[in-house]
Amino acid sequence: MTITITTAPCCWGVDDVNHPNLPAWERVFDEAAAAGYGGLELGPYGYVPLDDALVAKALSERNLFIVAGTIFDDLVSSQNREALLRQTDEICAVITRLPQPEQMAGQRFRTPYLTVMDWGHDERDYAAGHSDRAPRLDDKAWAGMIANITAIAELARRKYGVRAVIHPHAGGYIEFADEIERVAADIPQEVAGFCLDTGHSYYAGMDPVEMLRRYADRLDYVHFKDIDQTVFDRVLGEKIRFFQACGQGVMCPIGRGVIDYPAVRRTLEEIGYHGFITVEQERDPRNVAGSLEDVKQSRDYLRSVGF
């Protein structure tokens with residue numbers, strides 16, 4: 001198993017680009033390098049400047065690379081198609097011009113990837129982690145979402161050679177086991193792969209190890225998180241948005257939570273996964289002072305169990 005561990009700006013609280021307390025992107029780059037990571041994701045659209053020369057210089061100065069860009073937006077609305085494709089075009093144009101890591105034997109698709117996540121629906125945000133009460137899309141709305149994802153993936157591949165990977169996300173319309181199974185059936189493997197996230201799997205009531213094994217043939221990219229079980233049990237009993245739960249510490253450094261990472265490692269080895277794994281830990285950006293210590297703890301723990 002050949003693995004490269006990277007990180008992402010969400011570990012510094014960067015999820016909503018309109019949040020008034022976001023750290024400077026240069027700080028994220030500085031601390032990612034200081035914590036021992038060779039690369040990271042670009043983060044949500046609009047956070048890091050869409051200026052490839054500027055960003056490439058900043059990465060090179062820190063000996064970093066970019067592993068992926070992100071679409072984190074409403075994938076359901078047909079009225080959002082134009083905005084989604086504009087984001088795809090602009091993100092892919094930048095990430096394909098930024099420093100890239102060495103590609104590994106056994107890796108299915110070259111980096112950079114484009115992670116594609118649905119977001120922006122209050123009725124699902126407040127139902128994150130609750131499959132029993134979360135509303136599902138009707139057939140027409142589901143078909144519209146599939147069409148949007150397909151259009152994103154085909155533009156990224158055709159124009160830029162970028163592999164789109166669908167990321168099930170707590171609080172979006174692709175979260176629970178039935179929805180992931182339906183996406184796998186409706187979007188062929190040749191169109192888009194999966195980026196499975198251990199933390200979002202657990203948050204949604206699934207076994208992360210089982211999910212990695214079940215979708216091994218679609219697994220192009222992986223995200224690692226960990227969950228504080230005590231906080232998780234409490235927030236599931238509250239009417240709370242997903243990122244409010246993250247602000248209360250439901251995500252913790254890897255190795256300090258409930259997810260069995262030695263078992264995750266054995267599973268990835270058994271299924272023959274080779275490629276990139278990105279460490280994430282969503283948090284309130286007002287708590288950014290703890291980010292460097294936390295991402296370093298996560299990296300050190302993963303190294304101790306063989307990653």
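The values are calculated or read from the model by the stated rules, or taken from the named source; none is laboratory data. Treat the numbers as computed from the prediction; the structure is a model and nothing was measured. Don't worry about glycine lacking a Cβ; one is built from the backbone with ideal geometry, like all the others, and counts go over all protein chains shown. Accessible surface is based on the protein model in full, side chains and every heavy atom, while ligands, DNA and RNA are left aside. Shrake-Rupley method; radii C 1.70, N 1.55, O 1.52, S 1.80 Å.
Per the listing 137, 155, the residue uniquely in a loop (DSSP other than H, G, I, E, B), at pLDDT 95 or above and not charged (D, E, K, R) is 137. Select from region 105-122 the residues that are over 14 Å from residue 243 (Cα atoms) and aromatic (Phe, Trp, Tyr) and list them in ascending order. Correct list: 109, 113.
Restricting 22, 40 to those that are touching a Ser or Thr at 6+ places or on another chain (Cβ under 6 Å), modelled with pLDDT of 95 or more and hydrophobic (A, V, I, L, M, F, W, C) reduces the list to 40.
Return the residues of region 108-155 that are among the acidic types (Asp, Glu) and within 27 Å of residue 217 (Cβ to Cβ); say none if nothing qualifies.
Quick first cut of region 108-155, residues among the acidic types (Asp, Glu) only: 118, 122-123, 125, 132, 138-139, 154.
If the condition is that a residue be among the acidic types (Asp, Glu) and within 27 Å of residue 217 (Cβ to Cβ), then 118, 139, 154 are the ones that fit.
Please verify whether residue 128 is buried (at least 23 other Cβ atoms within 10 Å of the Cβ) and modelled with pLDDT of 95 or more, treating the condition exactly as stated.
Working: buried (at least 23 other Cβ atoms within 10 Å of the Cβ): yes; modelled with pLDDT of 95 or more: yes.
In short, yes.
Within region 75-102, residues that are in contact (Cβ under 8 Å) with a residue 24 or more places away in the chain sit with their Cβ atoms under 7 Å from residues that are among the acidic types (Asp, Glu) and open to solvent by less than 20 Å² (accessible area, probe 1.4 Å), at 6+ positions apart or across chains, in these pairs: 75/118; 76/118.
Scoring residue 57 on the criteria (1) touching a residue at least 24 places away in the same chain (Cβ under 8 Å); (2) not in a strand (DSSP E or B) leaves a single failure, condition (1).
Listed here are the residues, each with its yes/no results for (1) outside any helix (DSSP H, G or I); (2) crowded, with 17+ Cβ neighbours inside 10 Å; (3) of a type in the set (Phe, Trp, Tyr).
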position: 111; (1), (2), (3): yes, yes, no
position: 145; (1), (2), (3): no, yes, no
position: 170; (1), (2), (3): yes, yes, no
position: 173; (1), (2), (3): yes, yes, yes
position: 181; (1), (2), (3): no, no, no
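Take the residues of region 64-97 that are part of a loop (DSSP other than H, G, I, E, B) and closer than 20 Å to residue 167 by Cβ: which is least open to solvent (accessible area, probe 1.4 Å)? Outline the logic, then answer.
Narrowing region 64-97 to residues part of a loop (DSSP other than H, G, I, E, B): 64, 74-77, 96-97.
Adding the requirement that they be closer than 20 Å to residue 167 by Cβ leaves 74-77, 96.
Numbers: 74: 35, 75: 1, 76: 25, 77: 30, 96: 59 Å².
Across region 64-97, the extreme among qualifying residues is 75.
Does any residue of region 23-46 turn out to be open to solvent by less than 30 Å² (accessible area, probe 1.4 Å), touching a Lys or Arg at 6+ places or on another chain (Cβ under 8 Å), in a helix (DSSP H, G or I) and farther than 30 Å from residue 274 by Cβ? Scanning region 23-46 turns up no residue that is open to solvent by less than 30 Å² (accessible area, probe 1.4 Å), touching a Lys or Arg at 6+ places or on another chain (Cβ under 8 Å), in a helix (DSSP H, G or I) and farther than 30 Å from residue 274 by Cβ.
Among the conditions (1) in contact (Cβ under 8 Å) with a residue 12 or more places away in the chain; (2) surrounded by fewer than 23 Cβ atoms within 10 Å (Cβ to Cβ), the only one that residue 185 does not satisfy is (1).
Selection of first residues in region 106-123 that are under 20 Å from residue 268 (Cα atoms) and of second residues that are surrounded by fewer than 18 Cβ atoms within 10 Å (Cβ to Cβ) and of a type in the set (S, T, N, Q), restricted to Cβ pairs under 8 Å at least 6 apart or on distinct chains, gives the following pairs, ordered by first then second residue: 106/2; 107/2; 110/100; 110/103; 111/100; 111/103.
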